[in-house]
Each structure stands twice: as structure tokens, then as C-alpha cells.
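Engineer: Structure incoming, see below.
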Amino acid sequence: MKLQDLEIIVTAPPAPGWGGRYWILVKVTTDSGITGWGECYASSIGPEAMKVVIEDVFQRHMAGENPENIELMFRRVYSSGFTQRPDLTVMGAFSGLEIACWDILGKDRDRPVHALIGGRMNDRIRAYTYLYPLPHHDMVEFWISPELAAESAAEMVRQGYTAIKFDPAGPYTMRGGHMPAMRDITLSVAFCKAIRGAVGDRADLLFGTHGQFNTAGAIRLGQALEPYAPLWFEEPTPPDNIEDMARVARNVRIPVAMGERMTTKSEFAAVLRAGAAEILQPALGRAGGIWEMKKVAALAEVFNAQLAPHLYAGPVEWAANIQLAASIPNILMAECIETPFHDALIRSSLRVEEGFITVPDTAGLGIEVDEALARAHPFTGADLHLNMREEACDYQQGNHFAGGAPPLEA
């Protein structure tokens, strides 16, 4: 059996874009006619340019190869161009293709992917969700209202979720780490207080940031949140300075979580060695794929750390996350996005029920992709999956973060 054909579908979820402006799906077919699906979580270049990168990686390193030879193909890509170092864009391309290889192998053997990477350790995976506006909420006011966030949290707990994430401490600026405005700290504390009041001890609070603070600012913010006992403080400083993240971890009594913008075991090993995080959040469509993150899970075991796979993408990456989660002993939980479009794209083949995902027994990734639906919603813009803003933190008028990723360009 050899890898033969590649098709790339860039599909756009409906506005406001929960999961990003577009999802890059790859469909790989073997010479024996078996099709595998993967998803590339790559957002540093536009989708048209990324399609060329994916095609190059496939033709250069994977076409004509047996899909079993995951390790060989990974080493080709990792070493490409005489580099042998992490490359976020190239590894993002390989990650989606690698996921498709596992889907092919599972279908060829009529076994779920987790059965091929160590077997089933977990029958159910604990799920967590971001807090999104409820149907009656004002979409603008929601992101700065502790009261509306508390209503959404109470509803998620009613549905069975035992962990909920929110991130009121913007802005996400490309200027690097900044000292948070006092208003941002005050609002963050108000969110934690209101949500904790609404859910009590029925759910863990997951405090999200996106690497926007400098070290001292992250410590100030984290210490202010400590009375509400969040389960994690997510990527409080930029991910390119691991020692600074470790300084935060040493000075804040909240476990640090990070990893959505990292790739390969090389970068995750540096985090573990430095003591920078207790919880790793790989995005499997960027981090090297299923097999590479299986290795990271093993490294994390040695450091008594856990995994909570990241998801701000489509349901194919989610399916890969669940297959990995089923096979490792140190899974904490998995991020989930529940929208009608996510559900329809995989024909309801994977769902959250009472706060948990039941691991599927069906072959491959355990999902059925609605290819016609994916093709019927093409992304036609030129914007990126997500953007950071150029404006600096506003210390006078305050900062307003709006969730989702609505279309910016036609």
C-alpha cells in the first residue's frame, strides 16, 4: 500500500467563526483506494500559500511511501533543507498529512487508531469548552460581562461540563509581552468571582491568556486570581521564552498550561525540563501529528505532567485528539467546540455527552467526513485563521476582546 493522491479542502465555518476563519482539511488516498482524512492547524501564512506547502511536503517526502512508515516520513520532513529543527509551518503541513496516514492505517486494519498506538487506556475523555454567548446574549457585551459569562458557565455545567475556559484579560497584541492594565486585572478577577459563584465546585475554571503578558505582569495577574483556584493559567507569557514561563510557574500558585503554538517533542521537552508548565496543550494538526505527540505524552509522564489537547479548529483535528487521548495514561481533558457545523461535518460521529466524549470503536479516526458539506463552504478570503492586533494595550480607555473570527476580507 502506497500514498498516491492528495486533495486539500479549505472550508469556512459560519460566522462568527467558532474554531477560526477556516479549516484546512486534507484527503489522502492510497493506490489501493483507501482514503484518510487529516487537518492542518497552520495559521502563520494564508491558506493559498499553505496549500502549496502541504502539496510540497506530500510530494517531496510522502508520495509513494507506505503509510506505515510514519517515523521515516517525520524524519524526512523534520530534516528537510538541512535543518533538523522545529518549523511551525512545515510541521503544520506534515501534521495533517500524518493524521490522514493513521486514518488510512486504521481503516486498512478495521481498527481505531488508538488500537494501533498502544491500545485503549480510557473509554471516556473529559471534555472542556470555552464560554460562548448564549442565544439571548448580546455578542458585544458578552466578552466584557462577568454576569453573562456566569450565565453561560451555569448552562455549560447544566449540560454536564466539569471544566470551562474564558479569557477576559486581553488585548492580544503583536507587540510582545506587556504589563496588564489594572482594569484588565480587575475585570479578570470579576470574571473568576462571578463564574465561581455560579458553578461552585462543580466545575474547574480554566483561565485563558495567549502569551500577551511580560513576566512581571503575568505574575501580578496570576496572583490576583489565586483565591478562585483556577485549574490552569494558560500561556501567560510569549511561548518563545521558556525560562520566563518557568518564572511565572514558580511565582503563581496556579498550574501553568501551554503548548498550542509549539511543535515537536523538541519544544515540549524544553518546557518540561524548565518546569515551565504542568499541563501541555498540543494542537495535533500543528505539533507533529499523533505519533509525535504520543512521544510527548511519554516525556510528560516522566515529569508528572498531563496533556489537555488544544482545539481551535475543525472536528477532524478533534477526532485525532480523542484517539491520542484514549491511548495515554496522563490525559487531563480535551478541548471541544460544539456547533452545528462541527457536528454536521463529521455526521455526528463524535459528540460530547454529559461532559465526556465516548471514544469511538469504529475504524481509523472514528469519524465520517461530509466531503460535500466541506466543499460547499469554501473559504474565499485572504485573511489568516486568527490575527493578533497591532495596537498596544490601552491603559486609559480599557481593552475589549471579542471572541470568534468573523470574515475580514472578501
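The values are calculated or read from the model by the stated rules, or taken from the named source; none is laboratory data. Everything numeric here is computed off the predicted structure, so don't read it as measured data. Here the Cβ positions follow ideal geometry from the backbone for every residue, glycine too, while neighbour counts run over all protein chains shown. Areas reflect the complete protein model, heavy atoms only, side chains present, ligands, DNA and RNA absent. Shrake-Rupley method; radii C 1.70, N 1.55, O 1.52, S 1.80 Å.
Engineer: Filtering the stretch 185-212 down to residues that are in contact with a Pro (Cβ under 8 Å, 6 or more places away or on another chain) and modelled with pLDDT under 95, which residue is farthest from GLN281 (Cα to Cα)?
Structural biologist: Only one residue tops the list, namely GLN212.
Engineer: Restricting attention to the stretch 202-229, which residues are open to solvent by 10 Å² or more (accessible area, probe 1.4 Å) and of a type outside the set (S, T, N, Q)?
Structural biologist: Within the stretch 202-229, ARG202, ASP204, HIS210, ALA216, ILE219, ARG220, ALA224, GLU226, PRO227, TYR228, ALA229 qualify.
Engineer: Suppose the filter is open to solvent by less than 20 Å² (accessible area, probe 1.4 Å) and without any contact (Cβ under 8 Å) to a residue 40 or more places away in the chain; does PRO315 pass it?
Structural biologist: no
Engineer: How many of the residues in the stretch 82-104 are surrounded by fewer than 23 Cβ atoms within 10 Å (Cβ to Cβ) and in contact (Cβ under 8 Å) with a residue 60 or more places away in the chain?
Structural biologist: Number satisfying all stated conditions: 4.
Engineer: Looking at the stretch 246-281 only, could you name the residues that are more than 19 Å from the chain's Cα centre (by Cα) and either under 23 Å from ALA42 (Cβ atoms) or touching a residue at least 60 places away in the same chain (Cβ under 8 Å) (or both)?
Structural biologist: Listed by number, the list holds a single entry, ALA270.
Engineer: How many residues, within the stretch 363-390, are under 19 Å from ALA325 (Cα atoms) and of a type in the set (Phe, Trp, Tyr)?
Structural biologist: 0
Engineer: Taking the stretch 338-362, which residues are of a type in the set (Gly, Ala, Ser) and either closer than 15 Å to ALA320 by Cα or surrounded by 15 or more Cβ atoms within 10 Å (Cβ to Cβ) (or both)?
Structural biologist: Of everything in the stretch 338-362, those that are of a type in the set (Gly, Ala, Ser) and either closer than 15 Å to ALA320 by Cα or surrounded by 15 or more Cβ atoms within 10 Å (Cβ to Cβ) (or both) turn out to be SER349, GLY355.
Engineer: State the number of residues belonging to the stretch 353-381 that are among the hydrophobic types (A, V, I, L, M, F, W, C), over 19 Å from TYR41 (Cβ atoms) and touching a residue at least 24 places away in the same chain (Cβ under 8 Å).
Structural biologist: 4
Engineer: Going residue by residue through the stretch 168-175, is there one that turns out to be at negative phi, open to solvent by less than 40 Å² (accessible area, probe 1.4 Å) and in a helix (DSSP H, G or I)?
Structural biologist: Looking for residues that are at negative phi, open to solvent by less than 40 Å² (accessible area, probe 1.4 Å) and in a helix (DSSP H, G or I), one finds none in the stretch 168-175, hence no.
Engineer: Please give the number of the condition GLU71 fails out of (1) buried (at least 18 other Cβ atoms within 10 Å of the Cβ); (2) over 22 Å from ALA374 (Cβ atoms); (3) of a type in the set (D, E, K, R).
Structural biologist: Only one criterion is unmet by GLU71, namely (1).
Engineer: Further question: Would you please name the residue that is farthest from ASP103 (Cα to Cα), looking only at residues in the stretch 1-48 that are among the aromatic types (Phe, Trp, Tyr) and within 15 Å of the chain's Cα centre (by Cα)?
Structural biologist: TRP18
Engineer: Oh, and also: Take the residues of the stretch 1-27 that are small (Gly, Ala, Ser) and at negative phi: which is surrounded by the fewest Cβ atoms within 10 Å (Cβ to Cβ)?
Structural biologist: In this case the residue turns out to be ALA15.
Engineer: I'm trying to understand the selection: among the residues of the stretch 154-165, which are open to solvent by 10 Å² or more (accessible area, probe 1.4 Å) and either aromatic (Phe, Trp, Tyr) or not in a helix (DSSP H, G or I) (or both)?
Structural biologist: Correct list: GLN159, GLY160, THR162.
Engineer: Here is a follow-up. Are any residues in the stretch 362-384 in a loop (DSSP other than H, G, I, E, B), in contact with a Pro (Cβ under 9 Å, 6 or more places away or on another chain) and closer than 15 Å to GLU317 by Cα, and if so, which ones?
Structural biologist: LEU365, GLY366, ILE367, VAL369
Engineer: Any idea which of ASP138, ASP123 is without any contact (Cβ under 8 Å) to a residue 12 or more places away in the chain, surrounded by fewer than 22 Cβ atoms within 10 Å (Cβ to Cβ) and out of contact with any helix residue (DSSP H, G or I) (no Cβ under 6 Å at 6 or more places or on another chain)?
Structural biologist: ASP138
Engineer: Of all the residues that make up the stretch 28-52, how many are in contact with a Lys or Arg (Cβ under 9 Å, 6 or more places away or on another chain), of a type in the set (A, V, I, L, M) and open to solvent by 30 Å² or more (accessible area, probe 1.4 Å)?
Structural biologist: Of the residues in that region, 1 qualify.
Engineer: Which residues, counting only those in the stretch 125-157, are of a type in the set (D, E, K, R) and more than 26 Å from ILE357 (Cα to Cα)?
Structural biologist: Hits for the stretch 125-157 are ASP138, GLU141, GLU147.
Engineer: ALA372 - would you say it is closer than 24 Å to PRO282 by Cβ and among the small types (Gly, Ala, Ser)?
Structural biologist: Considered against the rule, which asks whether it is closer than 24 Å to PRO282 by Cβ and among the small types (Gly, Ala, Ser), ALA372 comes out as no.
Engineer: Shifting gears a bit: Residues in the stretch 213-223: is at least one modelled with pLDDT of 95 or more and outside any helix (DSSP H, G or I)?
Structural biologist: Yes, some residue in the stretch 213-223 is modelled with pLDDT of 95 or more and outside any helix (DSSP H, G or I).
Engineer: In this structure, is THR380 among the β-branched types (Val, Ile, Thr), open to solvent by 70 Å² or more (accessible area, probe 1.4 Å) and modelled with pLDDT under 95?
Structural biologist: yes
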